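Inspection log for the structure reproduced underneath, given as structure tokens.
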Amino acid sequence: MIIDGKKEAANLREEIKNEILEIKKRINKNPNLTVILIGDFTPSQIYVRNKEKNSKEVGITSNIIKYPKEVKEKEVLNKINELNNDKNISGILVQLPLPEQISKEKIINAIDPKKDVDGFNPINVGNLASGYKSIVPCTPLGCLLLIKKFEKNLSGKHAVIIGRSNLNGKPMAQLLLKENCTVTVVHSKTNNLQEECLKADILVAAVGVPNLVKKDWVKSSAIVIDVGINKVGDKIVGDVNFEEIKDNIKAITPVPGGVGPMTIACLLKNTLECFKAHQI
Ligand code: NAP
């Protein structure tokens, strides 16, 4: 089966839209997402434009604050502080990557954890790792929702995650542990990658290497979630060789049209959750 991320994301956006409509009717308030965009890196501009468009479609107001790439770190930190204290703002997102004079660590730490819609602030990371309520990074959250649409009870399943980034691999591992999976995280220094992947009932690939996962790396009973977005010539491909695997697997996400649309829908979900928790 091919998991249709576009359809699932559209369903999730519809749920979010309806909930915002209902809240608006009740208290005449709606969530706000404020995005800081630094520099003129084209993919970042496209992502931010998409986030703004998707926000508006579900009833989240969205501001974009733009800075030139030479902006001083202090100026951005002052702005974050101002946004943290603004009662009308539900969520703050600083689009990554950042220019080299700006410390990613300082920026992530500066965002109020209650408005940290990316879930990158160490308070949220720690809460997730501790099994407490937290804001969860959008991509792994989207992956989990896709997996759970397909398989409700993950208890006892063996999950293998390729990649250990703060953005994807690590929070994915925490989420699947919370679901009572047995979790293996593999990375570039892992010996016998294929052998580890073959143990997976659930395989999540978040690597950035085109078509790394081959047909003989996965059991036919596995669910395969492909986070990778890789440009090969004029095509976008995932980390999993989709064509080789798709006909002999329990379920698989395509690239594009799998995890990507869920990521942005989960950003809207996180913004709504922040709004409900602190502004109503
Ligand atoms: P990242 O920070 O570069 O991390 C990649 C991870 O993969 C690292 O842990 C690395 O191991 C591991 N790795 C690299 N080459 C490997 C290999 N040959 N074998 C095994 N492991 C290997 O990347 P990321 O930010 O997590 O992103 C991963 C992919 O997801 C990229 O293609 C990115 O574009 C995509 N992405 C998609 C979405 C979406 O919405 N669909 C969102 C974010 C990212 P080490 O730790 O040992 O270096």
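The values are calculated or read from the model by the stated rules, or taken from the named source; none is laboratory data. Just so we're clear, the structure is a prediction, and the values are computed from it rather than from any experiment. When we count neighbours, we look across all protein chains shown, and the Cβ atoms used for this are built from the backbone with ideal geometry, even at glycine. Ligands, DNA and RNA are excluded from the accessible area calculation, which covers all protein heavy atoms including side chains. Shrake-Rupley method; radii C 1.70, N 1.55, O 1.52, S 1.80 Å.
What accessible area per residue comes out for the stretch 27-112, rounded to a whole number of Å², with a 1.4 Å probe? Mind dumping the intermediate values first?
On the way: 4720 Å² over 86 residues.
Solvent-accessible surface per residue comes out at 55 Å².
Kirkwood-based Rg over Rh for the chain (C-alpha set), two decimals? The partial results should precede the final answer.
On the way: Rg = 19.0 Å, Rh = 19.5 Å.
With Rg and the Kirkwood Rh in hand, the quotient comes to 0.97.
What is the Å³ per residue value for the convex hull set by the Cα atoms of the stretch 32-106? Provide the component values of the computation, followed by the final result.
Details: hull volume 5.8 nm³, N = 75.
Convex hull of Cα atoms, per residue: 77 Å³.
Calculate the radius of gyration of the Cα atoms of the stretch 57-192 to one decimal place, then report Dmax, the largest Cα-Cα distance, as a whole number, both in Å.
So, for the stretch 57-192, Rg and Dmax equal 17.2, 51 Å respectively.
Dividing the convex hull volume of the Cα atoms of the stretch 151-215 by its residue count, what figure in Å³ per residue is obtained? Kindly include the intermediate steps, with their values, before the conclusion.
Working: hull volume 5.6 nm³, N = 65.
Dividing the Cα hull volume of the stretch 151-215 by its residues yields 87 Å³.
Taking Cα atoms, how many degrees apart are the long axis of helix 169-178 and the longest axis of the chain, rounded to 10 and kept between 0 and 90?
80 degrees
How large, in Å, is the stretch 219-280 by the Kirkwood hydrodynamic radius built from its alpha-carbon pairs? Can you show the working numbers first?
Details: mean 1/r = 0.0738 Å⁻¹.
Radius from the Kirkwood sum: 13.5 Å.
Using the Karplus curve 6.51 cos²θ - 1.76 cosθ + 1.60 with θ = phi - 60°, work out ³J(HN,Hα) for each residue of the stretch 11-16 in order, rounded to whole Hz, and write x for Gly and Pro.
Ordered by residue, 3J(HN,Hα) equals 4, 5, 4, 5, 4, 5 Hz.
Mind computing the radius of gyration and Dmax over the alpha-carbon atoms of the stretch 138-260? Å is fine for both.
12.9, 41
Pop out the carbon and sulfur fraction of the accessible area of the stretch 138-260 as a percent, whole number, probe 1.4 Å.
On the way: 2790 of 5660 Å².
Answer for the stretch 138-260: carbon and sulfur cover 49 percent of the accessible area.
Ignoring ligands, DNA and RNA, please state the percent of accessible area on the stretch 27-112 from carbon and sulfur, probe 1.4 Å. Don't skip to the answer; put the middle values down first.
Details: 2320 of 4720 Å².
Result for the stretch 27-112: 49 percent of the exposed heavy-atom area is carbon or sulfur.
Of LYS157/LYS189; LYS25/LYS53; LYS87/LYS170; LYS148/LYS219, which pairs sit farther than 29 Å apart, going by alpha carbon to alpha carbon?
Details: LYS157/LYS189 24 Å; LYS25/LYS53 22 Å; LYS87/LYS170 32 Å; LYS148/LYS219 19 Å.
Too far apart for the 29 Å limit: LYS87/LYS170.
Using a 1.4 angstrom probe on the protein heavy atoms only, could you order ARG13, ARG26 from most to least accessible area?
On the way: ARG13 60, ARG26 145 Å².
Listed by decreasing accessible area, they come as ARG26, ARG13.
Spelling out what I want: for every residue of the stretch 268-275, take phi, set θ = phi - 60°, compute 6.51 cos²θ - 1.76 cosθ + 1.60 (Karplus), and round to whole Hz; glycine and proline get x.
Whole-Hz 3J(HN,Hα) from phi for the stretch 268-275: 5, 4, 4, 5, 4, 4, 4, 4.
Would you mind calculating the relative contact order of the stretch 91-234 from Cα pairs under 8 angstrom and at least 6 residues apart, reporting the percent as a whole number?
Over the stretch 91-234, the number comes to 17 percent.
Taking 8 Å as the Cα distance limit and 6 or more residues as the minimum spacing, I'd like the relative contact order of the chain as a percentage.
Numbers: 540 pairs, mean separation 60.7, N = 280.
Taking the mean separation of contacting Cα pairs over the length of the chain, I get 22 percent.
Could you derive backbone 3J(HN,Hα) for the stretch 111-123 from the dihedral phi with the Karplus parameters 6.51, -1.76 and 1.60 (θ = phi - 60°), listing whole Hz in sequence and x where the residue is Gly or Pro?
6, 4, x, 6, 10, 7, 5, 7, x, 9, 4, x, 5
At 1.4 Å probe size, put ASP226, ASP216, ASP118 in order of accessible surface, largest to smallest.
Details: ASP226 5, ASP216 95, ASP118 25 Å².
Descending accessible area places them as ASP216, ASP118, ASP226.
Report for the stretch 138-260 the percent antiparallel among DSSP-assigned beta bridges with both residues inside it, nearest 5.
Details: 3 of 19 bridges.
Taking every DSSP beta bridge with both residues in the stretch 138-260, the antiparallel ones total about 15 percent.
Beyond 20 Å between alpha-carbons counts as too far, so tell me which of LYS133/LYS178; LYS56/LYS115; LYS69/LYS104; LYS79/LYS133 fall in that bin.
Numbers: LYS133/LYS178 11 Å; LYS56/LYS115 18 Å; LYS69/LYS104 14 Å; LYS79/LYS133 27 Å.
Over 20 Å apart, Cα to Cα: LYS79/LYS133.
What does the extension gain come out to for ASN230 and ARG49, with contour length at 0.36 nm per residue minus their alpha carbon separation?
Values: separation 181, 0.36 × 181 = 65.16 nm, distance 2.04 nm.
Stretched fully, the ASN230-ARG49 segment lengthens by 63.1 nm.
Sort by residue number and report every cysteine in the chain with no other cysteine beta carbon within a distance under 4.7 Å.
Unpaired cysteines in the chain: CYS143, CYS181, CYS197, CYS274.
Could you work out [θ]222 nm for the chain from helices alone, using -39500 (n - 2.57) per DSSP H run of at least four and dividing by all its residues? Round to the nearest 500 deg cm²/dmol.
Details: 10 runs with 120 residues, N = 280.
Calculated from helices alone, the mean residue ellipticity at 222 nm is -13500 deg cm²/dmol.
Running a GNM on the chain with Cα contacts under 10 Å, which residue among PHE120, PHE242, PHE41 ends up with the highest mean-square fluctuation?
In this elastic network of the chain, the residue with the biggest mean-square fluctuation among PHE120, PHE242, PHE41 is PHE41.
At 1.4 Å probe size, with every protein chain present, just tell me what the per residue accessible area of the stretch 151-280 comes to in Å².
Working: 5900 Å² over 130 residues.
Averaged over the residues of the stretch 151-280, the accessible area is 45 Å².
What is the extension gain from LYS246 to ASP216, computed as 0.36 nm multiplied by their sequence separation minus the C-alpha to C-alpha distance, in nm to one decimal?
Working: separation 30, 0.36 × 30 = 10.80 nm, distance 1.24 nm.
Length gained, LYS246 through ASP216: 9.6 nm.
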